[in-house]
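*Asks:* One structure coming up, written as structure tokens, with questions to follow.
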């Protein structure tokens with residue numbers, strides 16, 4: 001797992017992906033998991049990061065859909081997440097602390113499931129999901145705060161019988177990165193600031209990633225392995 005560091009910030013998500021990709025190579029993470037590789041980006045912000053990782057690893061890229069379940073009225077605060085295939089991960093401490101009812105959780109989950117289904121159709125342009133069984137899958141996001149989205153993705157992928165699952169991010173909370181070891185075969189978190197406040201603090205440009213940007217990255221890289229820059 002990555003070490004704590006006070007290095008300068010990433011310019012943007014592409015720069016973060018380049019640093020992450022080469023760190024995966026230098027750390028020998030993938031040497032421990034031979035065989036075919038597949039890079040999966042978590043939309044939307046994780047996809048441009050994953051695109052650079054896929055280029056460096058000369059691996060195919062796909063998307064794995066995850067939707068955060070935001071607290072009603074405080075949507076930026078995650079009370080859980082859902083992933084493709086119906087996987088659901090709940091942040092019980094948040095739900096209990098805020099007294100969120102089961103009905104409220106279900107209402108948010110249904111709404112987000114509808115969004116997930118629409119985005120899956122829009123991003124893939126009819127392409128089927130890349131095969132996961134038997135592959136070493138590198139799951140990439142632009143950073144980890146609560147880790148709910150990444151946990152939902154990892155747990156959803158396990159049901160598809162990959163050879164190994166690696167969680168890889170440019171920045172994250174040290175506590176969250178450690179906790180993810182229960183769900184992944186390997187966790188690489190390049191930067192874990194001593195005072196982690198938010199993922200965006202690690203970036204000069206953390207502007208929202210658009211659906212068009214996600215589609216452009218996927219269209220360029222999802223049809224097969226690409227050579228590194």
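*Asks:* Quick one: which residue in 81, 107 is at pLDDT 95 or above and either part of a strand (DSSP E or B) or farther than 24 Å from residue 158 by Cβ (or both)?
*Replies:* 107
*Asks:* Return the pairs, sorted by first residue and then second, in which the second residue is part of a helix (DSSP H, G or I), the first residue lies in the stretch 89-109 and is touching a residue at least 24 places away in the same chain (Cβ under 8 Å), the beta carbons are less than 6 Å apart, and the residues are 6+ apart or on different chains.
*Replies:* Close Cβ pairs (under 6 Å, with a partner that is part of a helix (DSSP H, G or I)) amount to 89/148; 89/151; 89/152; 91/148.
*Asks:* To continue, here is another question. May I ask you to list the residues in the stretch 118-134 that are in a helix (DSSP H, G or I) and over 19 Å from residue 159 (Cα atoms)?
*Replies:* Across the stretch 118-134, the qualifying residues are 118, 119, 121, 122, 123, 124.
*Asks:* Considering 167, 83, which residue is surrounded by 13 or more Cβ atoms within 10 Å (Cβ to Cβ) and either in contact (Cβ under 8 Å) with a residue 60 or more places away in the chain or farther than 26 Å from residue 194 by Cα (or both)?
*Replies:* From the options 167, 83, the qualifying one is 83.
*Asks:* Would you pick out the residues in the stretch 91-104 that are in contact with a strand residue (DSSP E or B) (Cβ under 7 Å, 6 or more places away or on another chain) and either assigned to a helix (DSSP H, G or I) or surrounded by fewer than 13 Cβ atoms within 10 Å (Cβ to Cβ) (or both)?
*Replies:* Answer for the stretch 91-104, where residues must be in contact with a strand residue (DSSP E or B) (Cβ under 7 Å, 6 or more places away or on another chain) and either assigned to a helix (DSSP H, G or I) or surrounded by fewer than 13 Cβ atoms within 10 Å (Cβ to Cβ) (or both): 94, 95, 98.
*Asks:* So which of 20, 40, 24 ends up being closer than 21 Å to residue 201 by Cβ, in contact with a strand residue (DSSP E or B) (Cβ under 7 Å, 6 or more places away or on another chain), in the same structural domain as residue 216 (by TED's automatic domain parsing) and not in a loop (DSSP other than H, G, I, E, B)?
*Replies:* Unique residue meeting the criteria: 20.
*Asks:* Also, quick follow-up: Somewhere in the stretch 159-171, is a residue outside any strand (DSSP E or B), farther than 17 Å from residue 53 by Cα and under 15 Å from the mean Cα position of the chain (by Cα)?
*Replies:* No: the stretch 159-171 contains no residue that is outside any strand (DSSP E or B), farther than 17 Å from residue 53 by Cα and under 15 Å from the mean Cα position of the chain (by Cα).
*Asks:* Which members of the stretch 60-75 meet the condition of being farther than 19 Å from residue 150 by Cβ and assigned by TED's automatic domain parsing to the domain that holds residue 154?
*Replies:* 60
*Asks:* What is the one condition in (1) part of a loop (DSSP other than H, G, I, E, B); (2) closer than 16 Å to residue 181 by Cα that residue 156 does not satisfy?
*Replies:* Condition not satisfied by residue 156: (1).
*Asks:* Name the one entry in 61, 65 that is crowded, with 22+ Cβ neighbours inside 10 Å and out of contact with any strand residue (DSSP E or B) (no Cβ under 6 Å at 6 or more places or on another chain).
*Replies:* Exactly one of 61, 65 is crowded, with 22+ Cβ neighbours inside 10 Å and out of contact with any strand residue (DSSP E or B) (no Cβ under 6 Å at 6 or more places or on another chain), namely 65.
*Asks:* Let me ask something additional. Can you tell me which of 183, 175 is more than 28 Å from residue 212 (Cβ to Cβ), exposed (fewer than 14 other Cβ atoms within 10 Å of the Cβ) and without any contact (Cβ under 8 Å) to a residue 40 or more places away in the chain?
*Replies:* Result: 175 is the single residue among 183, 175 that is more than 28 Å from residue 212 (Cβ to Cβ), exposed (fewer than 14 other Cβ atoms within 10 Å of the Cβ) and without any contact (Cβ under 8 Å) to a residue 40 or more places away in the chain.
The values are calculated or read from the model by the stated rules, or taken from the named source; none is laboratory data. Since we're looking at a predicted model, the values are computed, not measured. For neighbour counting, all protein chains shown are included, and Cβ atoms are generated from backbone atoms with ideal geometry for every residue, glycine included.
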